[in-house]
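Novice: Questions regarding the structure given below will be posed in turn.
Only the coordinates and a few stated rules stand behind these numbers; no lab work does. Being a predicted model, the structure only gives us computed values, none of them experimental. Please note: Cβ atoms are built from the backbone with ideal geometry, for glycine as well, and neighbour counts cover all protein chains shown.
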Amino acid sequence: MPKSIAGTTAATQKDLAGYKIVYLVEIDADEPDQSTTTQYYGSRKYTLGANTYGDDMAIDGLALSWSRLRVGGGLAEVSGVQLSIRNEEKESNLVDTYFLENDELRVYVIFVTGSETASDKIELARAVIENYP
């Protein structure tokens with residue numbers, strides 16, 4: 001629920017508990033001759049339901065580039081996504097174990113309240129990994 005300053009002052013509202021957000025990334029990685037395995041990454045370690053998102057994203061390691069904005073406001077299209085993993089050992093394991101071309105990547109944001117469920121994730125972008133350095 002968003003904060004409201006109707007009927008009160010901003011000074012009162014600033015002392016209330018602030019929202020914390022976590023960025024979540026899911027990659028449907030496939031191994032050669034194996035089934036797809038979903039890998040979970042987060043801007044901090046976070047568990048949602050049965051899934052644990054590792055705190056492997058680098059600082060400023062998630063970049064969404066918008067190619068255009070909808071007239072009147074709102075996002076119309078995402079032109080690119082870049083994810084940087086800060087733990088080189090895990091990144092190497094990901095790249096060496098999985099064949100990441102043409103795999104789906106989903107980016108979400110969630111507001112941490114202590115009682116969130118999987119349906120509280122807000123999808124920001126859905127992309128296909130075309131290449132990785």
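Novice: Using a simple spin-label model with points 7 Å from Cα along the Cα→Cβ vector, what separation in nm is obtained for residue 118 and residue 64?
Specialist: Rounded to a tenth, the inter-label distance reads 2.1 nm.
Novice: Skipping prolines and chain starts, which residues have an amide H placed within reach, meaning under 5 Å, of the one on residue 48, given they are 5 or more residues away or on another chain?
Specialist: It is 53, by chain and number.
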